[in-house]
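First comes the structure, then the notes that go with it.
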Amino acid sequence: MHNGGTGYNSLHSEREGRVKRNRLMRLCTAAVMASALFVGCGYSEEEMQAKRDEITGLNTKLSASEERANAFEAKLGELGVSNAELNERLNVAGVEKSELQRALEELRAREKQAQARLAVFTEMVNKFKAMIDSGKLRVRVVRGRMVVELAENILFDSGKSDLKKEGQDALTEVGAVLSSIPNRDFQIAGHTDDIPIKSAKFPSNWELSTARAVEVTRFLSTKGVDPARLSAAGYAETQPVASNADAEGRKQNRRIEIVLMPNLDELPDLSSLSGK
């Protein structure tokens, strides 16, 4: 950009100089012609011819100078277009740099959020270590979410939604951990195997899984977990973690999951879609 500006100024200065010289040559030509006319009768034929030759030479030089001036004028025009193109490219580069900087800032923000989630996950696993080691629960990551899973046989009798004493003791320990995790919501999800249930209280596995989730949610709310941070959902047999073809698989599918829900700032920004 600096070199382009220097070239432009140099051409502009030379152009002004040539315009001044052309003007001076025109004045000189006019002066010679005026002088010849004024004292024309006092000149010999040879002297008059010399004056005519001088005028012809001046006119030739003037024409050449004008041609060069025109060439420089065209060059200045080309240089102006080149400067405009360069400025446009610099503007585009500036926009691209701004977009790149914004993308980098967003990436850093997401990385910071991921590190914060990892810290929470690690803290929860450490606090649940004793229960994990005793086989009361296990911790998994499902679709980017941390899931604390408790087996049905610890919490409920078959086909029932009333918590057993063993289940209450386990959930008391779980509640102590959940209440120590700030600014997090938890969803209690009930799951069953694919064997249908039909009773006056539970017409299907949907009602059974939902009733169990509500029972666990209600119990945790009495153990120090803020009810506003809890929700309940029943999934029946729709989300198995093992095959229902054998007893062991069905046992794994009958479970309660406590899902650590993402915060709003961890979700994709969809605000740009609000007007569509």
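The single condition among (1) modelled with pLDDT of 95 or more; (2) over 34 Å from the mean Cα position of the chain (by Cα) that Ala233 does not satisfy is (2). Please tell me if Ala213 is surrounded by fewer than 20 Cβ atoms within 10 Å (Cβ to Cβ), out of contact with any Asp or Glu (no Cβ under 8 Å at 6 or more places or on another chain) and either aliphatic (A, V, I, L, M) or within 14 Å of Arg254 (Cα to Cα) (or both). So Ala213 does not fit the description; no. With respect to Met48, is the statement that it is surrounded by 10 or more Cβ atoms within 10 Å (Cβ to Cβ) and modelled with pLDDT of 80 or more true? No: the conditions fail for Met48.
Can you name the number of the only condition in (1) modelled with pLDDT under 95; (2) surrounded by 12 or more Cβ atoms within 10 Å (Cβ to Cβ); (3) at positive phi that Glu173 fails? The failed condition is (3).
Set side by side, the residues Leu178, Leu208 differ, and just one is crowded, with 18+ Cβ neighbours inside 10 Å, within 21 Å of Lys136 (Cα to Cα) and of a type in the set (A, V, I, L, M, F, W, C), which is Leu178.
The criterion of at least 3 residues that are of a type in the set (Val, Ile, Thr) is met by the following helices (runs of 4 or more DSSP H) wholly inside region 117-236: 165-179, 205-221.
The values are calculated or read from the model by the stated rules, or taken from the named source; none is laboratory data. Small disclaimer: the values here were computed from a predicted structure and weren't measured. As a convention, Cβ positions derive from the backbone with ideal geometry for all residues, glycine included, and neighbour counts pool all protein chains shown.
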